[in-house]
Amino acid sequence: SAVISQKPSRDICQRGTSLTIQCQVDSQVTMMFWYRQQPGQSLTLIATANQGSEATYESGFVIDKFPISRPNLTFSTLTVSNMSPEDSSIYLCSGRGASGGSVVFGPGTRLTVL
Amino acid sequence: AQSVTQPDIHITVSEGASLELRCNYSYGATPYLFWYVQSPGQGLQLLLKYFSGDTLVQGIKGFEAEFKRSQSSFNLRKPSVHWSDAAEYFCAVGPGGTSYGKLTFGQGTILTVHP
């Protein structure tokens, strides 16, 4: 299975600023996804990162708040814009190969907004 | 809309005892089902997955899960729990095809293991 790394592993940010999270996969994956895990909660899918085109967002998430890029098959970024304390969460990247393969997750980025 | 319910928020077992974590799902088509484990400060590790075929699925770390379509369940089991199994466990469901990998997660079950 692919191995996913994320940078940064954690950060503390001020309200109103933005943070870009990087996701790197060690092999090509067909699909990449971004999830949010709010404190004490489960994971919620934010969007599908599409290579070379705009991401596909789930209900309740918008591009202006969470712009996503995926310039190639192994790398994606998620930006959390104009942050507020409610954005304090763990953000996880995932990827999968062909249909039926494993769906693997990165270690997550723990974000705290003050 | 698809959904996953894990009825037990927190389970405590003694080391060496058997374990069953419950998962019920709601999904309009044939579901792709997964169990993940998340240790404190760690990412998600895939324990096992089910797509089709034999309804009893073997995973890593001695875990198994049984798919019961009539009950819309995919319960996770382990015959003898080790202290290192203490973690949070997530059941997830998702589609196949081009959207394979877009997962809906349950709320998670926290497992505590007593020595």
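The values are calculated or read from the model by the stated rules, or taken from the named source; none is laboratory data. This structure is a prediction, so every number in the text was calculated from the model and none was measured. Because the Cβ atoms are built from the backbone with ideal geometry, glycine has one as well, and the counts that use them run over all protein chains shown.
Assess whether A:G52 counts as being at pLDDT below 95 and within 20 Å of B:Q38 (Cβ to Cβ).
Criteria not met by A:G52.
Output the number of the condition that A:P107 fails; it satisfies all remaining conditions of (1) within 14 Å of chain B (Cβ to nearest Cβ); (2) outside any loop (DSSP other than H, G, I, E, B).
Result: A:P107 passes all but (2).
Among the residues of the range B:10-25, count how many are crowded, with 17+ Cβ neighbours inside 10 Å and among the hydroxyl-bearing types (S, T, Y).
Counting residues in the range B:10-25 that are crowded, with 17+ Cβ neighbours inside 10 Å and among the hydroxyl-bearing types (S, T, Y) gives 1.
Right, A:Q22: under 20 Å from B:V4 (Cα atoms) and either within 13 Å of chain B (Cβ to nearest Cβ) or modelled with pLDDT of 95 or more (or both) or not?
Considered against the rule, which asks whether it is under 20 Å from B:V4 (Cα atoms) and either within 13 Å of chain B (Cβ to nearest Cβ) or modelled with pLDDT of 95 or more (or both), A:Q22 comes out as no.
With surrounded by fewer than 16 Cβ atoms within 10 Å (Cβ to Cβ) and farther than 18 Å from A:G40 by Cβ as the only criterion, which of A:P71, A:P85, A:P107 stands out?
After applying the criteria, what remains is A:P71.
Residues in the range B:26-60 that are small (G, A, S), closer than 22 Å to B:E88 by Cβ and exposed (fewer than 13 other Cβ atoms within 10 Å of the Cβ): how many?
Total satisfying the criteria: 1.
For (1) at the interface with chain B (Cβ under 8 Å from one of its Cβ atoms); (2) in contact with a helix residue (DSSP H, G or I) (Cβ under 7 Å, 6 or more places away or on another chain); (3) without any contact (Cβ under 8 Å) to a residue 60 or more places away in the chain; (4) on the phi > 0 side of the Ramachandran plot, each residue gets a yes or a no:
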{"site": "A:S42", "(1), (2), (3), (4)": "yes, no, yes, no"}
{"site": "A:I46", "(1), (2), (3), (4)": "no, no, yes, no"}
{"site": "A:N50", "(1), (2), (3), (4)": "no, no, yes, no"}
{"site": "A:E54", "(1), (2), (3), (4)": "no, no, yes, no"}
{"site": "A:G60", "(1), (2), (3), (4)": "no, no, yes, yes"}
{"site": "A:F75", "(1), (2), (3), (4)": "no, no, yes, no"}
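Could you identify the single residue in B:Y25, B:Y36, B:Y32 that is in contact with a strand residue (DSSP E or B) (Cβ under 9 Å, 6 or more places away or on another chain) and at pLDDT below 95?
Of the residues listed, the single one that is in contact with a strand residue (DSSP E or B) (Cβ under 9 Å, 6 or more places away or on another chain) and at pLDDT below 95 is B:Y32.
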